[in-house]
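Chemist: The structure under discussion is supplied below as structure tokens; questions concerning it will follow.
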Amino acid sequence: QVQLVESGGGLVQPGGSLRLSCAASRTIFTITTMGWYRQAPGNQRELVADISSYGTATYADSVKGRFTISRDEAKNIMYLQMNSLKPEDTAVYYCSTFFRASRYWGQGTQVTVSQ
């Protein structure tokens, strides 16, 4: 099993920045892909960014150039640095992984971008 705990969400003005963290209960970053997803009210959950076991990152077109995914293998923490935030980035953000035939999700952290 894997437990994932997100933190770092909050209220920020347009153009501002936030850094989300996802703490994993075990060392898995180098053996599976980890991802950040988000879900806005009325919308389906969507993939924002992921990072492979080799450290290769991919991003949704909507966040390319603004968001950066990274990880600290020693601490078992994954990050999502979000810059130049827009109101349309408002959502609950989740970290997730697929490990040993099961999908795991954190509880989510709310990000609200508003004046």
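The values are calculated or read from the model by the stated rules, or taken from the named source; none is laboratory data. The shown structure was predicted, so the numbers you read here are calculated from the model rather than taken from an experiment. Cβ coordinates were reconstructed from backbone atoms using ideal geometry, including for glycine residues, and neighbour counts include every protein chain displayed. SASA here: full protein model, heavy atoms, side chains in, ligands and nucleic acids out. Shrake-Rupley method; radii C 1.70, N 1.55, O 1.52, S 1.80 Å.
Chemist: Given the conditions (1) open to solvent by 70 Å² or more (accessible area, probe 1.4 Å); (2) closer than 18 Å to V5 by Cβ, which single one is not true for T109?
Modeler: (1)
Chemist: Please identify the pairs in which a residue from segment 92-106 that is basic (K, R) has its Cβ atom under 7 Å from the Cβ atom of a residue that is open to solvent by less than 40 Å² (accessible area, probe 1.4 Å), counting only partners at least 6 apart or on another chain.
Modeler: Partner pairs satisfying both residue conditions: R103/S96.
Chemist: Checking V48 against (1) surrounded by 14 or more Cβ atoms within 10 Å (Cβ to Cβ); (2) of a type in the set (V, I, T); (3) part of a loop (DSSP other than H, G, I, E, B): exactly one of these is not met. Which one?
Modeler: In the conditions (1) surrounded by 14 or more Cβ atoms within 10 Å (Cβ to Cβ); (2) of a type in the set (V, I, T); (3) part of a loop (DSSP other than H, G, I, E, B), V48 misses (3) alone.
Chemist: Tell me, which residue of segment 56-66 that is within 14 Å of the chain's Cα centre (by Cα) and free of Cβ contacts under 8 Å to residues at least 24 places away in the same chain is most open to solvent (accessible area, probe 1.4 Å)?
Modeler: K64
Chemist: A follow-up question, please. Would you please name the residue that is least open to solvent (accessible area, probe 1.4 Å), looking only at residues in segment 35-45 that are among the small types (G, A, S) and over 13 Å from C22 (Cα atoms)?
Modeler: Among those that are among the small types (G, A, S) and over 13 Å from C22 (Cα atoms), it is A40.
Chemist: Taking A74 and the conditions (1) at pLDDT 95 or above; (2) surrounded by fewer than 17 Cβ atoms within 10 Å (Cβ to Cβ); (3) part of a loop (DSSP other than H, G, I, E, B), which numbered condition does it fall short on, given that it satisfies the others?
Modeler: Only one criterion in (1) at pLDDT 95 or above; (2) surrounded by fewer than 17 Cβ atoms within 10 Å (Cβ to Cβ); (3) part of a loop (DSSP other than H, G, I, E, B) is unmet by A74, namely (1).
Chemist: I would also like to ask the following. Can you name the number of the only condition in (1) of a type in the set (S, T, N, Q); (2) part of a loop (DSSP other than H, G, I, E, B); (3) in contact with a Ser or Thr (Cβ under 6 Å, 6 or more places away or on another chain); (4) modelled with pLDDT of 95 or more that T32 fails?
Modeler: The single condition T32 does not satisfy is (4).
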